[in-house]
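So the structure is just underneath, and the comments pick up after that.
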Amino acid sequence: MALTVKPLNKVRESVPVKEVAKPSQAELVRVNIEVEKETRQHWRMEAIKRGLSLKELIQQAMELHLK
């Protein structure tokens, strides 16, 4: 049995196709912040509900805030 490649429109949604298809990104730098444990837990649960990583949730929130 040979392996076949699925068309991108038939790949399940949990696979980050848009991330893979992105051109090279700018240089990344680390941002460290301290928040209360309960705040982080709240953010993490919201990220899970939305199907995002905590990093993606914070980035989206900041992009919306700065518009």
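Answer yes or no as to whether L57 is open to solvent by less than 100 Å² (accessible area, probe 1.4 Å), modelled with pLDDT of 85 or more and in contact with a Lys or Arg (Cβ under 8 Å, 6 or more places away or on another chain).
Answer is yes for this residue.
Name the residue that is farthest from the chain's Cα centre (by Cα), counting only residues in the stretch 38-67 that are assigned to a helix (DSSP H, G or I) and among the polar types (S, T, N, Q). First the steps, then the outcome.
So the first thing to find is which residues in the stretch 38-67 are assigned to a helix (DSSP H, G or I), and the list is 38-50, 54-66.
If we keep only those that are among the polar types (S, T, N, Q) too, we end up with 39, 41, 59-60.
On the way: T39: 19, Q41: 17, Q59: 9, Q60: 9 Å.
Filtering first and then ranking leaves T39.
Taking interchain pairs and intrachain pairs at least six residues apart, which have beta carbon atoms under 6 angstrom, with the first residue in the stretch 40-57 and of a type in the set (G, A, S) and the second part of a helix (DSSP H, G or I)?
Correct list of pairs: A47/L54; A47/L57.
If I filter the stretch 18-25 for residues that are modelled with pLDDT of 90 or more, open to solvent by 100 Å² or more (accessible area, probe 1.4 Å) and of a type outside the set (S, T, Y), do I get at least one hit?
no
The values are calculated or read from the model by the stated rules, or taken from the named source; none is laboratory data. This is a predicted model, so every value here is computed, not measured. Ideal geometry is used to build each Cβ from the backbone, glycine not excepted, and the neighbour counts take in all protein chains shown. Heads up: the accessible areas ignore ligands, DNA and RNA and are worked out on the full protein's heavy atoms, side chains in. Shrake-Rupley method; radii C 1.70, N 1.55, O 1.52, S 1.80 Å.
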